[in-house]
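The block underneath contains the structure these notes are about, expressed in structure tokens.
Every number here is computed from the coordinates shown, using simple stated rules; none is lab data. All values derive from a computational prediction rather than experimental measurement. Cβ placement follows ideal geometry from the backbone for every residue including glycine, while neighbour counts extend to all protein chains displayed.
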């Protein structure tokens, strides 16, 4: 069976057109996770979940890419607020792995109640990871003025 990363361009052309960055991909993952909450049957979960896995894989690849100057400006603040570290959600790679494994568990679910529970967990994991990715991470050398 082909690796998901090898078939992404064949299935989801949006991932190859315009070259979305990690923030764009994170937002798509959040949207797909939200759609999962609206699913009611295993048959509804599966295609959305497969799409989410493809976007998660693209997001993982985007972790290693350099952000655009505009995106860096968007993620820059005058002063960084203290951040509480959470042992459960280490770095982006760990968060990605949690999301991906949970998504594959959802694909294997055969019962609607089980699928709904896993979809809820996956939604929360994806949203947490995406919030972390979209949070300010750069501090301005000089205060920004409006």
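For the reader, a short list of remarks on this structure follows.
- Site pair residue 110 and residue 131 shows an inter-label distance of 3.6 nm when each label is modelled 7 Å from Cα along Cα→Cβ.
- By average C-beta atoms within 10 angstrom, highest first, the peptides 125-133, 53-61, 103-111: 53-61, 125-133, 103-111
- Taken along the Cα-to-beta-carbon direction at a fixed 7 Å, the label points for residue 40 and residue 81 span 3.9 nm.
- Packing-based exposure ordering (other Cβ within 10 Å, fewest first) of 123, 19: 19, 123
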